[in-house]
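Peer 1: After the C-alpha cells below, expect a handful of questions from me.
The values are calculated or read from the model by the stated rules, or taken from the named source; none is laboratory data. All figures in this text were calculated on a predicted structure; none of them were measured in a lab. We place every Cβ from the backbone using ideal geometry, glycine too, and count neighbours over all the protein chains shown.
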C-alpha cells in the first residue's frame, strides 16, 4: 500500500503549519489525480475523480479545492513533507505501471510491490 510509506509526524501533524496529516479518502482522491497526471502527462483538472464524485456536493467542492491547493504547492515548490513523500511514492508507482500499461497488459496484484 502506497500510504504505508508515508511517515506521519508524531502527534499526527505535519511540521511547518500544524496541518493534520490526512491519509484517508480525501488524500486517496488527491493521489489518484497525481498518479493519473504522471501516467497520462495530462492536466490535473481533467483527471477522473470517482472517489470525490461519490461524496455530497459540499464535500466535492472541498475536495476539488484540496486537489487545486496541492497542485498549487507542487507548481510553486512549496509542498509539505507528507506531500513530498506521497509524490515520490506515486512517481515510483507510475514508473512501475507505465511499461506494463504500454505493453497493453494489466498489472498483477500478485507481482505488485504496491499491494
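Peer 1: Could you run through the stretch 58-76 and say how many residues are surrounded by 13 or more Cβ atoms within 10 Å (Cβ to Cβ) and over 17 Å from the mean Cα position of the chain (by Cα)?
Peer 2: Residues meeting the conditions: 1.
Peer 1: Continuing with the same structure: I'd like the residue in the stretch 77-115 that is loosely packed, with under 12 Cβ neighbours inside 10 Å and closer than 18 Å to residue 31 by Cα and, out of all such residues, is modelled with the lowest pLDDT.
Peer 2: Filtering the stretch 77-115 for residues that are loosely packed, with under 12 Cβ neighbours inside 10 Å and closer than 18 Å to residue 31 by Cα, the one modelled with the lowest pLDDT comes out as 115.
Peer 1: Next question. Go through the stretch 21-44 residue by residue and tally those that are in a helix (DSSP H, G or I) and free of Cβ contacts under 8 Å to residues at least 40 places away in the same chain.
Peer 2: 9
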